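Taking it in order: structure first as structure tokens, then the write-up.
The values are calculated or read from the model by the stated rules, or taken from the named source; none is laboratory data. Being a predicted model, the structure only gives us computed values, none of them experimental. No Cβ is skipped: glycine too gets one built from the backbone with ideal geometry, and neighbour counts run over all protein chains shown. SASA here: full protein model, heavy atoms, side chains in, ligands and nucleic acids out. Shrake-Rupley method; radii C 1.70, N 1.55, O 1.52, S 1.80 Å.
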Amino acid sequence: MKKVGVIGTGYVGLTHGVILAEKGNSVICYDIDPEKISRLQRFDIPIYEPGIKELVKKNCEEKRLEFTSDMDYCISSSDIIFVCVNTPPKRYYEGVFRRADLSFVENVARTIAQTMKSYKVIVSKSTVPVMTGKKIYETISKFNNSLDFDVVSNPEFLREGSAVKDSLNPDRIVIGVMKDSSENLLERPLKIMKELYSNFNAKIVETDLWSAELDKLLSNTYLSLQISFINKAAELCSATGADVSKIAESMKLDKRIGPFAFLRAGIGYGGSCFPKDIENLGTLLNDYHIDPSLFEQVIKINKGQRDGFIKLMECGLWTLKGKSIAVLGLSFKPDTGDMREAPSIDIVRALCDEGAIVRVYDPEALSEAGNHFGNSVSYCKSVEEAVYGADAIALLTEWDEFKTMDLQNVKSLMKEPSHFFDGRNVFDPSFMSGIGFYYYSIGRPYIKPVREVVK
Ligand code: UGA
């Protein structure tokens, strides 16, 4: 059992803290936001993440997990400190890239330096640009060069929406440590971290600090690249009449590509991770004068998917002005209420700019949606409310609730003709046209609807 402190209780920090408690460690989670801490103390979980609430309650009741607003207490009670604070993109662009804002990481490093009295392993868990671990090391050493500590990079690979499952069963655990003067990995932090993860059934990758940081950035960028690849392929499929979903399924049968490849065409990726990581990588390449154009294209294609979706809607509806559009799904992916960098933000704004009457529904993201759209849209409490009297549906997030909705009923509530724009390729085009929808998806052939009105 290790004494673990977690600084920052967002998606990564909260999930990681809970999982380490569940694995038998004693964990103290700190957050700068006292409101968040008092909610967590009441088991009122500020994020929507399947399975997390039960684990928080269980581990608090079994006294392995606690939440505090006192950072000094968190640091001084722990031997291993995970830094899981935000590293949001800065406001200004360098070309198409923005750097990550590391001021929260720096503040934490300073506080650790001021507070620590005994040896600590300080672990960077936030997604950070390469060299952040070194900067943390230098910041603490500058404050007091007699402090005894090690800095480790242990990047997180969990996905929102399946964070608990991913953290309990990771594909790999990457541990990056600094090297000694003979270029050997430092043994002390490596041993402590391997002990911490000894009861996880996952391959441990032992590496240096910089490789661990880059592993994370490149993994996320590689996945983003796959998404932009398939979206560009979808454009060609639309032009030629080929079917991108069928091609993707066939490609996944190739073992070198694999069944879990990110080859679902749609309105593109969002979230707090992919957009930020590829930009971090881009600024890093610029810093080293390495051509970043491959990654610029990934970003360009991803943004283009949102414009392309609006064009698709104009193609089906002719003009958007005055048309009533039901937007189903606002979060950047299903099973989360997170709308950071979600394609829905640009798409809904474009619909409003075009003069459409927009009614939105999402199972978890409605409260965040208010911050983005104010009173320019109507917020609905159900699919039925959103689609009632609508000319068209724009499906932007593939929640199970939408996959399993009663499409006959949905159609009967809409105006005739009923248009369905599927930004996530959820439904089968022949089935949808069989119901009588004018159904449009991404990179798949358009099939004319059967024009019986099902009422
Ligand atoms: C991603 C990575 O998958 C995690 O391994 C990583 O730990 C995390 O970022 C992070 O850096 O913290 P996440 O952003 O939660 O996780 O979501 P993903 O499931 O990877 O999806 C990202 C976006 O890509 C979503 O908007 C999704 O709709 C889109 N996507 C995904 C596609 O458009 N097509 C696909 O085939 C797959």
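Would you rank Arg91, Arg39, Arg110 by solvent-accessible area, highest first, keeping every protein chain in place and using a 1.4 Å probe? Each step should come with its number before you reach the end.
Numbers: Arg91 225, Arg39 70, Arg110 120 Å².
Correct descending sequence by accessible area is Arg91, Arg110, Arg39.
Quick one: Karplus J couplings for segment 247-261, per residue in order, coefficients 6.51, -1.76, 1.60, θ = phi - 60°, nearest Hz, x for Gly and Pro?
With the stated coefficients, segment 247-261 comes to 5, 4, 4, 5, 4, 5, 6, 6, 4, 6, 9, x, x, 9, 4 Hz.
Using a 7 Å offset from the Cα along the Cα-to-Cβ direction at both Ala202 and Asp72, what is the distance between the two label points in nm, to one decimal?
3.4 nm
Helix 103-115 sits at what angle to the longest principal axis of the chain, using alpha carbons and giving 0 to 90 degrees rounded to 10?
Its long axis makes an angle of about 20 degrees.
Taking the alpha carbon gyration tensor of the chain, what are the square roots of 5 times its eigenvalues, largest first, to the nearest whole Å?
Semi-axes, largest first: 44, 24, 19 Å.
How far apart, in nm, are two points set 7 Å out from the Cα along the Cα-to-Cβ line at Glu106 and at Ser250?
Each label point lies 7 Å from its Cα, and together they span 5.3 nm.
In deg cm²/dmol and to the nearest 500, what is the mean residue ellipticity at 222 nm of the chain if only DSSP H runs of at least 4 residues count, each as -39500 (n - 2.57), divided by the residue total?
-13500 deg cm²/dmol
Suppose we keep just the alpha-carbon trace of segment 328-367; what are its Rg and Dmax in angstrom?
For segment 328-367, the Cα-based Rg and Dmax read 10.1, 30 Å.
Percent antiparallel among DSSP beta bridges with both residues in the chain, to the nearest 5?
On the way: 5 of 51 bridges.
Counting only bridges with both partners in the chain, antiparallel ones make up about 10 percent.
Would you kindly derive the ³J(HN,Hα) couplings of segment 223-234 from the backbone phi angles with the Karplus curve 6.51 cos²θ - 1.76 cosθ + 1.60 (θ = phi - 60°), listing them in order in whole Hz, with x for Gly and Pro?
5, 4, 4, 4, 5, 5, 4, 6, 6, 5, 4, 4
Applying the Karplus parametrisation 6.51 cos²θ - 1.76 cosθ + 1.60 with θ = phi - 60° to the phi angles of segment 278-289, what ³J(HN,Hα) value in whole Hz is obtained for each residue in order, glycine and proline being reported as x?
These are the phi-based 3J(HN,Hα) values: 5, 6, 4, 5, x, 5, 5, 4, 4, 4, 9, 6 Hz.
Can you list the residues, at least 5 places off or on another chain, whose amide H is less than 5 Å from the amide H of Phe420, using H built in the peptide plane?
Ile393, Tyr438, Tyr439, Tyr440
Given the C-alpha centroids of segment 316-363 and segment 228-286, what is the distance between them in whole angstrom?
Comparing the Cα centres of segment 316-363 and segment 228-286, I get a distance of 22 Å.
Taking amide H positions as placed 1.01 Å from N in the peptide plane, with prolines and chain starts having none, which residues 5 or more places from Asp208, or on another chain, fall under 5 Å of its amide H?
The list, which skips near neighbours in sequence, is Val177.
Order these peptides, 93-103, 336-346, by their mean beta-carbon neighbour count within 10 angstrom, highest first.
Output ranking for 93-103, 336-346: 336-346, 93-103.
Give the separation of the Cα centroids, segment 66-80 to segment 165-222, in Å.
Using only Cα atoms, the two centres lie 23 Å from each other.
Between Lys3 and Phe43, what FRET efficiency follows from the Cβ-Cβ distance if R0 is 22 Å, with the result rounded to 0.05? Mind showing how you got there, number by number?
Working: r = 23 Å, r/R0 = 1.03.
Efficiency, from the Cβ-Cβ distance: 0.45.
So if I take the centroid of the Cα atoms in segment 366-431 and the same for segment 4-63, what is the distance between those two points in Å?
Segment 366-431 and segment 4-63 have Cα centres spaced 34 Å from each other.
Could you check the spin-label model distance between Ile447 and Lys300? Points 7 Å from the Cα along Cα→Cβ, value in nm.
Placing both labels 7 Å beyond Cα along the Cβ direction yields 3.6 nm.
For Phe82, what residues show an amide H to amide H distance below 5 Å, using hydrogens built from the backbone and excluding near sequence neighbours?
When sequence neighbours closer than 5 places are left aside, the close amide H contacts are Gly5, Val6, Ile7, Val123.
Excluding same-chain residues fewer than 8 positions from Lys63, which lysines have a Cα within less than 28 Å of its Cα?
Here the lysines satisfying the reach criterion relative to Lys63 are Lys2, Lys3, Lys23, Lys36, Lys53, Lys117, Lys120, Lys125, Lys165, Lys191, Lys194.
Quick check for you: with a 1.4 Å probe and neighbouring chains kept, what is the accessible area per residue of segment 163-218, in Å²?
52 Å²
Keeping all protein chains in place, calculate the accessible area per residue for segment 229-295 (probe 1.4 angstrom), answer in Å².
Normalised by residue count, the accessible surface of segment 229-295 is 55 Å².
Roll a 1.4 angstrom probe over the protein heavy atoms and tell me the percent of accessible area of segment 75-217 that is carbon or sulfur.
Within segment 75-217, the accessible surface is 48 percent carbon and sulfur.
Assign unit charges at the C-beta atoms only (+1 for Lys and Arg, -1 for Asp and Glu), then state the dipole size of the chain relative to its Cα centre in Debye, rounded to the nearest 20.
For the chain, the charge dipole is close to 280 debye.
Using 0.36 nm per residue, how much length does the chain from Ser146 to Thr319 gain when fully extended, once their Cα-Cα distance is taken away?
Full-extension gain reported as 55.4 nm.
What order do you get for 207-219, 263-275 when each peptide is scored by the mean count of other beta carbon atoms within 10 Å, highest first?
263-275, 207-219
How much accessible area per residue does segment 1-73 have, counting only protein heavy atoms and a probe of 1.4 Å, in square angstrom? Spell out each step's value before the answer.
Numbers: 3180 Å² over 73 residues.
With the other protein chains kept in place, segment 1-73 gives 44 Å² per residue.
Send over the per residue convex hull volume for segment 312-455, Cα only, as a whole number of Å³.
Expressed per residue, the convex hull around the Cα atoms of segment 312-455 is 95 Å³.
At 0.36 nm per residue, and after removing the present C-alpha to C-alpha distance, how many nm does the segment from Asn286 to Arg188 gain when stretched out fully?
Computed gain between Asn286 and Arg188 is 31.8 nm.
Got a sec? Which residues in segment 352-368 would a label at Lys415 touch, if it sits 7 Å along Cα→Cβ and we count backbone N under 15 Å?
Within reach of a label on Lys415, which here means backbone N under 15 Å from a point 7 Å along Cα→Cβ, segment 352-368 contributes 355-359.
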